[in-house]
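Q: Have a look at the structure that comes next, please.
The values are calculated or read from the model by the stated rules, or taken from the named source; none is laboratory data. Note that the structure is predicted; figures quoted are calculated from it, not measured. Because the Cβ atoms are built from the backbone with ideal geometry, glycine has one as well, and the counts that use them run over all protein chains shown.
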Amino acid sequence: MRILRACSSLTFVTVFILIIVLVAPYLTCTQGFEFNPLIQLPRSGLAGTRPRSKRILFVGDFGAKGDGLHNDTMAFQDAWRTACSRSGRIKIEFPSGKTFLVYPVDIGGSCRSKITLRISGTIVAPEDPEVWRGLNPRKWLYFHGVNYLTIEGGGKINGMGQEWWSRSCKINSTNPCRHAPTAITFHKCKNLKVRNLTLLNSQQMHMAFTSCMRVVASHLEVLAPAFSPNTDGIHISATRGVEVKNSLIRTGDDCISIVSNSSLVRIRNISCGPGHGISIGSLGKSRKWEKVLDVMVIGAYLYNTQNGLRIKTWQGGSGFASKITFQNILMENVSHPIIIDQYYCDSKHPCKNQTSAVQVDNISFIHVKGTSATEEAIKFACSDAFPCEDLYLEDVFLVPCFGGRVRSDCWGAHGSTQGLVYPSACFTGFDDFLRQKVGPESYSVFHSI
Ligand SMILES: *[C@@H]1O[C@H](CO)[C@@H](O)[C@H](O)[C@H]1NC(C)=O
Ligand SMILES: *[C@@H]1O[C@H](CO)[C@@H](O)[C@H](O)[C@H]1NC(C)=O
Ligand SMILES: *[C@@H]1O[C@H](CO)[C@@H](O)[C@H](O)[C@H]1NC(C)=O
Ligand SMILES: *[C@@H]1O[C@H](CO)[C@@H](O)[C@H](O)[C@H]1NC(C)=O
Ligand SMILES: *[C@@H]1O[C@H](CO)[C@@H](O)[C@H](O)[C@H]1NC(C)=O
Ligand SMILES: *[C@@H]1O[C@H](CO)[C@@H](O)[C@H](O)[C@H]1NC(C)=O
Ligand SMILES: *[C@@H]1O[C@H](CO)[C@@H](O)[C@H](O)[C@H]1NC(C)=O
Ligand SMILES: *[C@@H]1O[C@H](CO)[C@@H](O)[C@H](O)[C@H]1NC(C)=O
């Protein structure tokens, strides 16, 4: 209620500000960019025959074969270089029905133009990890320093990760632990749109935004087998202003992970699973100072995932995870539906407890319903030195997937609840008078979310 009320009174102002914030950069830039085409229009109109050719580049015209066998990397680079040096809006087309084999490639800005890559066909990676010998093992398609890039087209980007997976130390512990490529990375990009694409079988993470600003990712399908190691769906790092919406993510690791100094993250209408759920962190590894601030996940369906909504931090780090809301979440067969873990430790050696930790505060879980695959449906394992503050649970209803019971476990967790909360919150010092007035029986699991 607290938040709902605040929202409704602020809606008008927020929408107004949003419009200004979203539209302002376009206004100034469009004026600058539209001048050229306007001046050229009469001329190309008189010339008559090929009005599209300057605005739409086909990779085939740059030598791409699109047969899945020839190396189409240079054609992509040449088309990009041409598009980048022009002004106005330029499209680069990867036509449907064709498969473009692209080797590891750096695609850089800054460009005079605003480029749209229309991928209607398929872009595939080389299958053999040996291709990366001598190259950065973490990159395949690497975009950096590009402003106003849009990628769309309904096509596929296939990382052909099978051989990478079988060489992973998570699949076979006799293998050495090595990095594998993120299929698509956007680094230091601004005003980026990625939509209407299928990402398949990445070598490791599927898509990462690192040090970007103003990103919208939508209508994506991200698909890899549940066993594929570290194949996160969408990874958000040091990025401010990201919207991820209307997408389906089924992979072997986090559907969405949000780390290191990211803020203003909005996630809406996501279907996730199998995978490891929606994860904030890990934060504070190797004594780092890190923050994640202002995240809203509104509308998510989590299915057969290992975790549901998770915040994980290492002992010994510092910084904070704050202003985070998870709202309208439906879960089915999720092993750890709600979990805050300030003792996260993903190393071979056990991690010692430390006197510092990443502060976790102002975290809300509102309308979270569904089934838990384990007994421990809610876990708040907070640190002694930096307990979790201002946790808030409203209308949380998690029942066992296969009968039995569910419980919540707390350590160093402070907060409040409203409405029905089941299993009941275990905050220290919480007065559960209100909660006892409402019985869980009056709620159905799949109450509309
Ligand atoms: C593919 O083409 C790119 C760009 O010309 C080149 O750097 C790369 O070495 C080529 N790879 C192979 C295996 O031919
Ligand atoms: C995705 O792209 C395809 C091919 O261009 C198009 O037909 C379809 O309408 C697009 N879908 C969305 C949701 O934009
Ligand atoms: C793991 O890798 C080792 C060495 O490459 C190999 O001998 C072994 O058969 C592999 N095990 C499995 C289960 O694939
Ligand atoms: C939610 O996302 C799915 C794709 O996963 C899409 O088909 C559906 O239209 C979206 N719903 C809304 C209300 O946008
Ligand atoms: C996060 O911000 C802190 C403080 O500004 C900085 O020291 C740290 O390097 C940043 N980390 C990343 C991954 O950007
Ligand atoms: C529940 O999820 C686990 C993965 O976490 C999966 O192995 C199992 O098959 C799922 N059960 C059902 C009934 O879908
Ligand atoms: C807590 O977070 C919510 C959004 O999740 C925000 O509206 C509110 O102002 C925050 N409270 C404080 C004390 O920062
Ligand atoms: C760290 O502290 C927690 C909470 O006090 C305790 O449960 C845990 O056993 C400690 N771990 C180690 C390795 O000392």
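Q: For region 351-372, name all the residues that are touching a residue at least 60 places away in the same chain (Cβ under 8 Å) and more than 23 Å from residue 293 (Cβ to Cβ).
A: Result: 369, 370, 371.
Q: Do we have residue 195 as outside any loop (DSSP other than H, G, I, E, B), assigned by TED's automatic domain parsing to the domain that holds residue 130, within 16 Å of ligand 2 (Cβ to nearest atom) and over 15 Å from residue 141 (Cβ atoms) here?
A: Values: outside any loop (DSSP other than H, G, I, E, B): yes; assigned by TED's automatic domain parsing to the domain that holds residue 130: yes; within 16 Å of ligand 2 (Cβ to nearest atom): yes; over 15 Å from residue 141 (Cβ atoms): yes.
Answer is yes for this residue.
Q: When the residues of region 238-254 are filtered to those that are closer than 13 Å to residue 198 by Cα and buried (at least 23 other Cβ atoms within 10 Å of the Cβ), which remaining residue is nearest to ligand 6 (Cβ to nearest atom)?
A: The residue in question is 251.
Q: Which one is nearest to ligand 3 (Cβ to nearest atom) among residues in region 219-237 that are over 27 Å from residue 172 (Cβ atoms) and surrounded by fewer than 17 Cβ atoms within 10 Å (Cβ to Cβ)?
A: Within region 219-237, the match that is nearest to ligand 3 (Cβ to nearest atom) is 221.
Q: I'm trying to understand the selection: among the residues of region 413-436, which are more than 20 Å from residue 326 (Cβ to Cβ) and either assigned to a loop (DSSP other than H, G, I, E, B) or modelled with pLDDT of 95 or more (or both)? Talk me through it step by step, then tell me what you get.
A: Our first condition is that a residue be more than 20 Å from residue 326 (Cβ to Cβ); within region 413-436, this holds for 428-429, 431-434, 436.
Within region 413-436, 428, 429, 431, 432 meet the criteria.
Q: Which residue is farthest from residue 312 (Cα to Cα), if the candidates are limited to region 331-346 and must be assigned to a strand (DSSP E or B), away from ligand 6 (no atom under 15 Å from the Cβ) and in contact (Cβ under 8 Å) with a residue 60 or more places away in the chain?
A: Start the filter on region 331-346 by keeping residues that are assigned to a strand (DSSP E or B), which leaves 331-334, 336-341.
Retained after the next criterion (residues that are away from ligand 6 (no atom under 15 Å from the Cβ)): 338, 340-341.
Then drop every residue that is not in contact (Cβ under 8 Å) with a residue 60 or more places away in the chain, which leaves 338, 340.
On the way: 338: 11, 340: 6 Å.
Step by step, filter region 331-346, then rank; the result is 338.
Q: Next question, about the same structure. On the basis of being touching a Gly at 6+ places or on another chain (Cβ under 9 Å) and either at pLDDT below 95 or among the aromatic types (Phe, Trp, Tyr) (or both), does residue 143 make the cut? Let's see the steps before the verdict.
A: On the way: touching a Gly at 6+ places or on another chain (Cβ under 9 Å): yes; either at pLDDT below 95 or among the aromatic types (Phe, Trp, Tyr) (or both): yes.
Criteria met by residue 143.
Q: Could you please find all residues in region 413-425 being small (Gly, Ala, Ser) and buried (at least 20 other Cβ atoms within 10 Å of the Cβ)? Talk me through it step by step, then tell me what you get.
A: Step one: of region 413-425, the residues small (Gly, Ala, Ser) are 413, 415-416, 419, 424-425.
Scanning region 413-425 gives 413, 415, 425.
Q: Let me ask another. With respect to residue 72, is the statement that it is of a type in the set (D, E, K, R), within 14 Å of ligand 1 (Cβ to nearest atom) and free of Cβ contacts under 8 Å to residues at least 24 places away in the same chain true? Write out each step before concluding.
A: Numbers: of a type in the set (D, E, K, R): yes; within 14 Å of ligand 1 (Cβ to nearest atom): yes; free of Cβ contacts under 8 Å to residues at least 24 places away in the same chain: no.
Taking the combined requirement at face value, the residue does not satisfy it.
Q: Sticking with this structure for a sec: Within region 102-139, track down each residue that is farther than 18 Å from residue 168 by Cβ, in a strand (DSSP E or B) and within 16 Å of ligand 1 (Cβ to nearest atom).
A: Those that are farther than 18 Å from residue 168 by Cβ, in a strand (DSSP E or B) and within 16 Å of ligand 1 (Cβ to nearest atom): 105, 106, 107, 108, 123, 124.
Q: Does any residue of region 271-286 turn out to be within 16 Å of ligand 2 (Cβ to nearest atom) and out of contact with any helix residue (DSSP H, G or I) (no Cβ under 6 Å at 6 or more places or on another chain)?
A: Kept after step one, since they are within 16 Å of ligand 2 (Cβ to nearest atom), are these residues of region 271-286: 271.
Those left that are additionally out of contact with any helix residue (DSSP H, G or I) (no Cβ under 6 Å at 6 or more places or on another chain): 271.
Checked region 271-286: at least one residue is within 16 Å of ligand 2 (Cβ to nearest atom) and out of contact with any helix residue (DSSP H, G or I) (no Cβ under 6 Å at 6 or more places or on another chain).
Q: I would also like to ask the following. Being part of a loop (DSSP other than H, G, I, E, B) and closer than 21 Å to residue 213 by Cα is the filter; apply it to region 223-272 and report the residue that is modelled with the lowest pLDDT. Give the steps one after another, and end with the answer.
A: So in region 223-272, the residues part of a loop (DSSP other than H, G, I, E, B) come out as 224-233, 238-239, 251-255, 260-261.
Narrowing the set further to residues that are closer than 21 Å to residue 213 by Cα leaves 232-233, 238-239, 255, 260-261.
On the way: 232: 97, 233: 98, 238: 98, 239: 98, 255: 97, 260: 91, 261: 95.
Filtering region 223-272 for residues that are part of a loop (DSSP other than H, G, I, E, B) and closer than 21 Å to residue 213 by Cα, the one modelled with the lowest pLDDT comes out as 260.
This table checks each residue for (1) polar (S, T, N, Q); (2) surrounded by fewer than 22 Cβ atoms within 10 Å (Cβ to Cβ).
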| position | (1), (2) |
| --- | --- |
| 278 | no, no |
| 288 | no, yes |
| 291 | no, yes |
| 294 | no, yes |
| 298 | no, yes |
| 322 | yes, yes |
| 328 | yes, yes |
| 338 | no, no |
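Q: Still on this structure, I have one more. Among the candidates 151, 236, 171, which residue alone is closer than 18 Å to residue 100 by Cβ, of a type outside the set (Phe, Trp, Tyr) and in contact with a Phe, Trp or Tyr (Cβ under 9 Å, 6 or more places away or on another chain)?
A: Working: 236 fails: closer than 18 Å to residue 100 by Cβ; 171 fails: closer than 18 Å to residue 100 by Cβ.
Checking each option against the conditions leaves just 151.
Q: To continue, here is another question. Only residues that are of a type outside the set (D, E, K, R) and within 12 Å of residue 155 (Cα to Cα): list them for region 195-213, please. I'd like the intermediate steps shown before the answer.
A: Taking region 195-213 as the starting set, the residues that turn out to be of a type outside the set (D, E, K, R) are 196-213.
Selection gives 196, 197, 198, 199, 200.
Q: Let me ask something additional. Can you pull out every residue in region 378-412 that is within 10 Å of residue 427 (Cα to Cα) and either of a type in the set (Gly, Ala, Ser) or in a loop (DSSP other than H, G, I, E, B) (or both)?
A: 408, 412
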